[in-house]
Amino acid sequence: MAKITKGAPKALSANRLKDGIVVFLTKGKSWSEDIQDVAIAKTPEEEQALLDTGASFAAINDIVDPYLFDVEQNGSEIKAAHIREHMRTKGPSVRKDLGKQAGT
Amino acid sequence: MYRYDEFDAQFVKQRVAQFRDQTERRLSGELTEEQFRPLRLMNGLYLQLHAYMLRVAIPYGTLSSKQLRKLARIADKYDKGYGHFTTRQNIQYNWPKLKDIPDLLDELADVEMHAIQTSGNCIRNVTSDQWAGVAVDEIEDPRGYAELMRQWSTIHPEFCYLPRKFKIAITGAPNDRAAVAFHDIGIKMKKNEADEIGFEILVGGGMGRTPVVGVTIKDWLPKKELLSYIEAIMRVYNMYGRRDNKYKARIKILVMALGIEEFRNQVEAEYDKIESPEVILPGEEIGRITSYFAPPEYQKLADTDIAYEEKRKADKAFASWIATNIAKHRVPGYAIANISLKPIGGIPGDATSEQMYAIADLAERYSFSEIRVTHEQNLVLPYVAKQDLYALWQGLVKHDLATDNLSLVSDIICCPGLDYCALATARSIPVSQNISERFADIERQKDVGELKIKISGCINACGHHHAGNIGILGLDKKGEEFYQITLGGSADDNASIGEIIGPGFSSDTVVDAVEQIIEIYRDIRQHKKETFLETYRRVGPEPFKEALYATD
């Protein structure tokens with residue numbers, strides 16, 4: 001995972017256990033494949049709350065390897081701050097027909 | 001080709017049943033991820049950037065048409081219609097679902113394939129020369145010995161929990177096409193003064209963050225002592241290899257720490273403890289296994305085929321492909337046909353299921369149903385009669401498989417990089433695509449001549465950048481992709497590690513830098529036959545540095 005920056009807004013990502021697909025923790029405490037649905041943490045307490053929720057889903061084997069990553073908000077659009085995490089929100093940049101960017 | 005005996009088949013099927021049970025227990029929550037991770041890794045299943053990734057072993061890079069068709073079917077049924085051939089002669093699928101893996105492995109077992117030894121701290125899939133058995137320079141076919149080492153190393157109880165992964169490569173030819181000097185153990189078949197064929201054993205080679213060219217530990221080893229000598233090396237490594245720091249755990253670090261003399265002494269002492277070494281590898285067992293690699297039933301052909309020669313004269317595109325992609329065969333009237341998986345602007349090593357089916361059919365028709373995978377991420381049909389080359393080429397053209405660029409600028413080794421890999425620090429595939437497109441003109445590539453460009457998306461060096469004549473390493477510099485260039489590396493029989501040329505380049509400028517390096521080479525080469533590597537070894541880095549970093 002990419003380095004995280006202290007104080008930057010964060011969201012929680014993981015992989016779904018049964019198929020490995022990248023998912024994001026939503027405000028409603030469920031998992032979405034779309035980064036636009038994420039819950040954003042702006043304080044250390046909110047970050048911990050996301051991690052705790054992630055751990056509880058990992059414990060019931062819905063997801064694996066939850067971790068926080070930096071996000072940026074441009075108006076209503078949410079974007080991963082680092083290219084690695086951005087890649088996870090889209091799919092391979094060299095195969096636009098695959099992954100989330102393909103919309104399938 | 002090797003065929004499973006009853007024991008092999010039973011073992012692989014049992015292993016699949018075991019993993020089916022483990023997967024079910026993971027999905028039901030009976031196993032935690034911490035408990036399951038080592039089990040899935042022992043079966044080649046990684047969790048990557050976007051999804052799971054399954055790496056399937058292709059022992060010493062040899063496949064039958066039936067097996068390749070199965071790989072194509074798996075790409076369609078369990079993945080997204082393609083596979084990626086790796087720099088260790090394996091194939092990776094990028095999108096399989098965990099719940100499907102047991103069924104997928106069952107299908108692989110049906111064609112004598114599996115994903116064992118493609119991950120974890122064990123002896124990995126043994127690699128070899130893709131031209132084994134057909135190369136004109138070969139002393140002896142190494143595949144029988146590769147198969148022996150595969151059987152010996154598979155779930156060898158002593159070597160399942162090594163300090164780190166362990167890679168072995170073997171070549172039967174003096175011109176090294178298997179990069180043996182960059183392996184933990186590299187094996188070269190060679191003759192001694194009495195003209196007997198045996199092995200030269202190299203140890204401690206590797207890439208990653210500490211690149212090292214392997215050194216000779218045994219100048220000549222009798223054939224029957226192969227396994228016992230390797231076992232002695234493994235025992236010394238297993239005992240003294242570092243387990244406290246994974247970055248210092250490979251055998252190369254131990255060999256460097258002890259020095260080759262002391263390491264050799266320890267191996268010899270260990271070897272002396274193995275009772276009757278020749279008992280371990282009896283002649284009849286060598287004979288049984290090497291008999292699987294007997295040559296196919298070649299036709300008796302004249303070495304010159306008139307119809308083929310006429311086609312070469314008449315069809316310029318065919319002639320160009322022949323000039324770059326065909327190698328001389330040891331049997332008169334035959335040729336080695338190399339299939340480039342590097343179309344201009346394509347993803348190195350990727351093949352669609354449709355291409356895999358097509359190659360399987362062409363191999364069945366023209367190459368005794370056999371295909372080889374190369375560590376340079378291409379494929380080979382090893383037994384093509386010259387009279388069939390035109391038809392083969394036409395078949396390849398139909399499926400975008402006839403790129404005439406073997407060993408040229410656009411025949412780039414490239415790891416998946418940050419487009420797929422969880423460990424990567426930068427993308428490597430787009431750099432490779434951009435270089436390939438910049439040099440799309442094949443005549444320009446031919447004028448440049450042999451040039452090995454190798455690109456890795458992180459310091460782990462899966463793209464073999466240390467061994468690239470031009471090596472490119474992708475790094476993360478404050479969140480931006482950034483590329484370091486090395487020059488002068490080589491994986492051949494005169495192996496060398498590339499030297500960093502200077503400060504790195506952004507993703508916008510790295511292709512310009514590569515082009516500039518190539519143009520400098522064209523300017524300063526003594527003649528057209530002096531390769532990039534020869535020129536670099538003659539002049540060193542200075543002319544390239546001056547051009548790249550000159551300040552007016």
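No value in this document is a laboratory result; all are computed from the given coordinates. All figures in this text were calculated on a predicted structure; none of them were measured in a lab. Positions of Cβ are backbone-derived with ideal geometry, glycine not excepted, and every protein chain shown enters the neighbour counts.
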| note | Expected unfolding gain across B:Tyr549-B:Glu285 under the 0.36 nm per residue rule, minus the alpha-carbon gap, is 89.1 nm
| field | Unit charges on C-beta of K, R, D, E only; dipole of chain B, Debye | value | 860
| note | Once normalised by the length of region B:339-471, the mean sequence separation of its alpha carbon contacts under 8 Å that are 6 or more apart gives a contact order in percent of 25
| Rounded, prolate or oblate: which one fits region B:1-85, using the alpha carbon gyration tensor with axes a ≥ b ≥ c (rounded when a/c is under 1.5, else prolate when a/b beats b/c, else oblate)? | oblate
| field | Residues B:Glu297, B:Glu147, B:Glu519 arranged by fewest to most Cβ contacts within 10 Å | value | B:Glu297, B:Glu519, B:Glu147
| Estimated FRET transfer efficiency (B:Glu443, B:Lys191; beta-carbon r; R0 51 Å; 0.05) | 0.75
| message | If a paramagnetic tag sat 7 Å from the Cα of A:Lys79 along the Cα-Cβ line, which residues of region B:385-427 would have the backbone N under 18 Å from that point? | response | B:427
| query | Of B:Met207, A:Met87, how do they rank once you tally other Cβ atoms within 10 Å and put the fewest first? | reply | A:Met87, B:Met207
| field | Point-to-point label distance, B:Tyr4-B:Glu519, nm (Cα→Cβ direction, 7 Å offset) | value | 5.6
| task | Would you calculate the separation in nanometres between label points at A:Lys6 and B:Thr32, each defined as 7 Å from the Cα along the Cα-to-beta-carbon direction? | result | 3.0
| field | Longest segment of chain B lacking chymotrypsin sites (Phe, Trp or Tyr not before Pro) that sit in a DSSP loop with at most 15 other Cβ atoms within 10 Å | value | B:299-552
| note | trypsin sites (Lys or Arg not before Pro) in region B:405-509 lying in a DSSP loop, each with at most 10 other Cβ atoms within 10 Å of its Cβ, come to B:Lys478
| said: To make sure I understand the rule: partners must be lysines, Cα under 17 Å from the Cα of B:Lys190, and not fewer than 8 residues away in the same chain. Which ones qualify? | reply: B:Lys218, B:Lys223, B:Lys224
| message | Between B:Lys97 and B:Arg243, how high is the FRET efficiency from 1/(1 + (r/R0)^6) when r is the Cβ-Cβ distance and R₀ = 41 Å? Nearest 0.05. | response | 0.75
| field | Net charge of neighbours whose Cβ lies under 9 Å from the Cβ of B:Asp106, counting Lys and Arg as +1 and Asp and Glu as -1 | value | -1
| For B:177-188, mean number of other protein chain Cβ atoms within 10 Å | 0
| request: Assign unit charges at the C-beta atoms only (+1 for Lys and Arg, -1 for Asp and Glu), then state the dipole size of chain A relative to its Cα centre in Debye, rounded to the nearest 20. | output: 300
| What number, in percent, do you get for the relative contact order of region B:183-321 if the mean sequence gap of Cα pairs under 8 Å and at least 6 apart is divided by its residue count? | 18
| Positive-end residue of A:Val38, A:Pro66, A:Gly91, charge dipole of chain A with Cβ unit charges | A:Gly91
| field | Point-to-point label distance, B:Ile155-B:Glu268, nm (Cα→Cβ direction, 7 Å offset) | value | 3.8
| query | Which value, in debye to the nearest 20, gives the size of the charge dipole of the protein assembly as shown about its Cα centre, when Lys and Arg are +1 and Asp and Glu are -1 at the Cβ? | reply | 880
| field | Pairs of lysine residues in region B:57-114 - Cα separation under 17 Å, sequence separation of 8 or more or cross-chain | value | 6
| said: Strictly under 4.7 angstrom between C-beta atoms: which cysteines of chain B have no such partner? | reply: B:Cys122, B:Cys160, B:Cys414, B:Cys421, B:Cys458
| On alpha-carbon atoms, Rg over Rh for region A:1-81 using Kirkwood Rh? | 0.94
| task | Compute the Rg to Rh ratio over chain B from the alpha carbon atoms, using the Kirkwood formula for Rh, and round to two decimal places. | result | 0.95
| Residues of B:88-95, mean number of Cβ from any other protein chain within 10 Å of their own Cβ, rounded to a whole number? | 1
| field | Within the protein assembly as shown, helix-based [θ] at 222 nm, where runs of 4 or more DSSP H residues each add -39,500 (n - 2.57), nearest 500 | value | -10500 deg cm²/dmol
| said: How charged is the neighbourhood of A:Ile78? Take every other residue with its Cβ under 12 Å from the Cβ of A:Ile78, and add Lys/Arg as +1 and Asp/Glu as -1. | reply: -3
| Förster-model FRET efficiency, 45 Å R0, B:Glu542 and B:Glu275, C-beta, rounded to 0.05 | 0.20
| What is the fewest-to-most order of B:Ser507, A:Ser56, B:Ser153 by other Cβ atoms lying within 10 Å of their Cβ? | A:Ser56, B:Ser507, B:Ser153
| request: Enumerate the whole-percent occupancy of each 5 Å bin, from 0 to the last occupied one, for all C-alpha pair distances of region B:274-370. | output: 2, 9, 12, 17, 16, 13, 10, 7, 6, 4, 2, 1, 0
| said: Using the Cα centre of the protein assembly as shown as origin and beta-carbon charges of +1 (Lys, Arg) and -1 (Asp, Glu), tell me which of A:Asn15, B:Asn192, B:Ile322 is placed farthest towards the positive end of the dipole. | reply: A:Asn15
| chain B - percent relative contact order, Cα under 8 Å, separation 6 or more | 13
| remark: Counting Lys and Arg as +1 and Asp and Glu as -1 over every other residue whose Cβ sits under 11 Å from the Cβ of B:Gly172, the net charge comes to -2
| Which one of B:Ala391, B:Val510, B:Ile412 is farthest out on the positive end of the charge dipole of the protein assembly as shown, using unit charges on Cβ (Lys, Arg +1; Asp, Glu -1) and the Cα centre as origin? | B:Val510
| query | Could you give the semi-axes, largest first, of the ellipsoid that matches the protein assembly as shown, computed as the square roots of 5 times the alpha carbon gyration tensor eigenvalues and rounded to whole Å? | reply | 38, 31, 27
